[in-house]
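This report concerns only the one structure given below.
The values are calculated or read from the model by the stated rules, or taken from the named source; none is laboratory data. What you see is a predicted model; the values in this text were computed from it and never measured. Cβ sites come from the backbone with ideal geometry, for glycine too, and all protein chains shown count toward neighbours. Note: accessible area is taken over every heavy atom of the protein model, side chains too, but ligands, DNA and RNA are not part of it. Shrake-Rupley method; radii C 1.70, N 1.55, O 1.52, S 1.80 Å.
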Amino acid sequence: LVAELRLDRDRHLKYFRMSAEQMDHILSLIGGHLSRQTTNYRQSIQPKQRLAVTLRFLGTGESFTNLPFQYHLEKSTIAESVHMTCRAIEEQMMASQFPRPTEHMWRAIASKFWEKWNFPNCIGAIDGKHVTIMSPAHSGSLFFNYKRTFSIVLLALADAEYRFTFVQVRDFGKTSDGGVFSGSALGRGMEAKTLSVPADCPLPGSGVQGPLPYTMVGDAAFPLKTYLMRPFPGNRIQMFNYRLSRARMVVECAFGILSSRWRVLHTRINVKPDNADSIVTAACILHNFLTNPLDNQRWLDEAEERGEVLAPATNMGGNRGCREAYDVREKLCTFFSFPEGRVSWQDNMV
């Protein structure tokens with residue numbers, strides 16, 4: 001089947017969610033970690049077959065009970081191949097797809113956010129996504145979330161072109177997005193100022209407000225910080241909330257592209273939580289590896305047709321934050337009312 005699909009580019013892309021060339025590239029990176037010794041009793045499974053099984057599982061979410069009929073492998077072999085391949089992707093590709101942030105990287109992201117989404121000094125859009133899993137044995141209510149399902153939380157920071165710059169997949173479903181962020185490496189790093197975020201600088205074309213910090217944007221589930229802007233309660237400052245929501249929807253669209261390509265995220269994953277973490281992390285790494293600005297709209301259109309684009313979060317929690325964070329937000333509101341803070345016809349689009 002795999003050999004036949006390689007002869008038809010479109011069918012290969014539809015079946016494996018990537019081209020044959022991209023599949024070969026991934027195999028060259030992780031193939032050595034998927035090999036097992038052939039013995040007199042059993043022929044080992046080829047790395048290419050393990051990768052094919054894993055990509056089909058990620059792309060469809062089919063169960064380990066159905067996949068054996070397609071690949072003539074035992075259920076236990078299918079499960080072992082999927083877990084082995086996801087761990088290999090995580091170990092061998094994480095560093096290249098999620099490099100340690102640098103000051104130059106943050107500045108480039110902020111420039112793209114201002115150019116494409118009209119929000120200044122923005123270094124990323126942050127949000128959490130619940131990935132549904134089967135109820136783990138003896139877990140009580142740890143994984144039970146407000147949607148009344150069992151889940152793990154994917155916390156992600158996305159740049160202006162729908163690529164993830166940070167992901168964390170290890171938190172219980174009952175934890176709020178704000179709680180996950182506070183305990184994450186990203187939250188602790190931003191608080192301790194150890195992530196090479198550039199120093200405060202004036203907003204584009206304006207020095208009236210003075211230097212302002214680089215900041216992330218998130219919904220009302222996150223706390224207000226100098227490095228994390230959230231909406232004003234209600235519609236008190238309509239232009240600020242519009243601009244922030246415009247930038248924040250980047251991460252929602254990134255989740256839409258991720259789940260549209262890897263449809264296992266729309267199923268109830270029936271594996272242990274540790275293996276589920278590895279599966280979701282591998283999907284995020286492959287998302288970054290495959291993301292092409294020219295293809296993003298196609299994946300977004302497919303997700304929208306199926307009604308899978310995530311809805312914005314409702315206003316949750318109080319308008320909490322320190323005095324410095326309030327000042328930053330007020331200055332941004334003032335900036336948006338100035339001529340240099342306005343943009344072209346895009347601001348009038350709904």
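Where both bridge residues fall in the chain, DSSP classifies roughly 70% of the beta bridges as antiparallel. Couplings for region 47-54, taken from phi via the Karplus curve 6.51 cos²θ - 1.76 cosθ + 1.60 with θ = phi - 60°, read x, 4, 6, 4, 5, 4, 4, 5 Hz in order; Gly and Pro are left as x.
Taking amide H as placed 1.01 Å from N in the peptide plane, residue 133 has its amide H under 5 Å from the amide H of 150, 151, 152, 269, each at least 5 places away in sequence or on another chain. The portion of the accessible surface of region 1-120 made up by carbon and sulfur, rounded to a whole percent, is 50 (1.4 Å probe; DNA, RNA and ligands excluded).
Among 185, 137, 110, the residue with the largest mean-square fluctuation in a Gaussian network model of the chain, with springs joining Cα atoms closer than 10 Å, is 137. Accessible surface calculations at 1.4 Å, restricted to protein heavy atoms, place the chain at 48 Å² per residue. Taking the longest Cα principal axis of the chain as reference, the axis of helix 238-261 is set at about 10 degrees.
Scalar couplings 3J(HN,Hα) for region 279-288, obtained by applying the Karplus form with A = 6.51, B = -1.76, C = 1.60 to θ = phi - 60°, are 5, 5, 4, 4, 4, 5, 5, 5, 4, 5 Hz; x denotes Gly and Pro.
Using Cα springs under 10 Å in a Gaussian network model of the chain, which residue among 163, 148, 188 shows the largest mean-square fluctuation? Result: 148 has the largest fluctuation of those listed. Region 117-143 and region 182-197 have Cα centres lying 17 Å from one another. Among the listed pairs 129/272; 14/174; 116/174, those with a Cα-Cα distance over 28 Å are 14/174; 116/174.
Amide H contacts of residue 212: 201, 203, each under 5 Å away and 5 or more positions distant or on a separate chain (H built 1.01 Å from N in the peptide plane; Pro and chain starts excluded).
Couplings 3J(HN,Hα) for region 16-23, derived from phi with the Karplus relation 6.51 cos²θ - 1.76 cosθ + 1.60 (θ = phi - 60°), are 9, 6, 7, 7, 5, 5, 5, 5 Hz, where x marks Gly and Pro.
Measuring gaps between exposed loop sites in the chain (chymotrypsin sites (Phe, Trp or Tyr not before Pro); DSSP loop; at most 12 other Cβ atoms within 10 Å), the longest gap, sites not included, is 147-350.
Can you match Cα Rg over 2.2 N^0.38 Å to one of these, (1) 1.07; (2) 0.98; (3) 1.53, based on a calculation from the structure here? Computing Cα Rg over 2.2 N^0.38 Å and matching it to (1) 1.07; (2) 0.98; (3) 1.53 gives (1).
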